[in-house]
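Accompanying notes for the structure given below.
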Amino acid sequence: MRLNRVGEVNYNSFGSEMIIVKYDGCMNINVFFPEYNWTAKNRIHKDFKVGKISCPYERRTWNIGFIGEGKYEVSKDGNTTRCYDVWQNMIQRCYDKKFQEKYPTYKNCNMPDEWLNFQNFAEWYEKNYYEIPGEIMCLDKDILIKRNKTYSPETCVFVSNRINNLFVKNDGNRGKYPIGVNLYKRTNKYRAYCNIYDKKTKRYKNKHLGYFSSVEEAFKVYKEFKEEYIKQVANEVKEYIPKKLYDAMYKYEVEIND
């Protein structure tokens, strides 16, 4: 008489309850996850006994994101996909407190529930990811909408590192002066400067914009230069980037409290 293990209960390595609901021998069982109302089919009893059966709705990514069911894979040829890496890094920025302590600019960042499901994010990624030749791409949340803290389909856009660096504030190294301004102690005047990318050396360098008697004068010169520089970069990559990104760069205004 064949052993019937229907009703047998165990817990997987993540701590989820599992119940055998179909047993056609030790090489073919169905396992029900009551917490998620989901059934794993055609599994083997050995994996059930050692807790190696997982559920795609378990919130394993930073204890809040889950893989879901769909065509988008987490890994390929033994390596995680770029899409998955972008997704889990985004979740880390929003929900990993230790990460936020190290990078406080990400405090209070959030994302909609729909993107906690990897399948939903991957579908958006597939439609919106693009590349600029020779540049590294990254996901941005606050160029389209300044000071935005929400990662979402409406607020996010892929940008190159070069574009992203145009909007980095670098508050920790700036001190008490506005962005693009510091005090030149030898003359007690305020220097305006801007980091620009040298395409020949492929490095960033400080462009000196002049010395001024007041912080306000120095910042005004920086503001005018930086806004024109952002437009220049936008025009250089216009054929590659989405129109909404191009428009946002062209309309971007530098403020003294940036």
Is it possible to state the helix-based mean residue ellipticity at 222 nm for the chain, with each DSSP H run of 4+ residues giving -39500 (n - 2.57), the sum divided by total residues, to the nearest 500 deg cm²/dmol? What is it? -8500 deg cm²/dmol
The chain - accessible surface per residue (Å², probe 1.4 Å): 60
How about LYS22: which lysines have a C-alpha closer than 27 Å to its C-alpha, ignoring those fewer than 8 places off in the same chain? LYS41, LYS46, LYS49, LYS52, LYS71
So how much slack lies between GLU227 and GLU35, counting 0.36 nm per residue of separation and subtracting their Cα-Cα distance, in nm? 63.9 nm
I'd like the orientation of helix 82-95 relative to the chain: the angle between its Cα long axis and the longest Cα principal axis, in ° from 0 to 90, rounded to 10. 80
Listed pairs LYS76/LYS98; LYS146/LYS251; LYS76/LYS202; LYS200/LYS220; LYS102/LYS149; LYS146/LYS205 exceeding 21 Å between Cα atoms: LYS76/LYS98; LYS76/LYS202; LYS200/LYS220; LYS146/LYS205
Bins of 5 Å from zero: percent of alpha-carbon pairs in the chain: 1, 5, 10, 12, 12, 12, 10, 8, 6, 5, 5, 4, 3, 2, 1, 1, 0, 0, 0, 0
Working from Cα positions, state the angle (0 to 90°, nearest 10) between the long axis of helix 118-128 and the longest principal axis of the chain. 40
Measure off, as a whole percent, the carbon and sulfur share of the 1.4 Å-probe accessible area of the chain, all protein chains present. 47
Which loop-located GluC sites (Glu not before Pro) does the range 65-117 contain, where loop means any DSSP state but H, G, I, E or B and the Cβ has at most 13 other Cβ atoms within 10 Å? GLU69, GLU73
Options THR155, VAL181, PHE32, ranked by Cα towards positive dipole end of the chain, top entry (Cβ charges): VAL181
Taking the alpha-carbon centroid of each part, what is the distance from the range 113-171 to the range 10-66 in angstrom? 34
Given R₀ = 25 Å, FRET efficiency for ASN108-ASN128 by Cβ-Cβ distance, to 0.05? 0.55
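The values are calculated or read from the model by the stated rules, or taken from the named source; none is laboratory data. Since this is a predicted model, take the numbers as computed values, not measurements. Heads up, the Cβs are rebuilt from the backbone with ideal geometry, glycines too, and the neighbour counts pull from every protein chain shown. Keep in mind that these areas ignore ligands, DNA and RNA; they rest on the heavy atoms of the full protein, side chains included. Shrake-Rupley method; radii C 1.70, N 1.55, O 1.52, S 1.80 Å.
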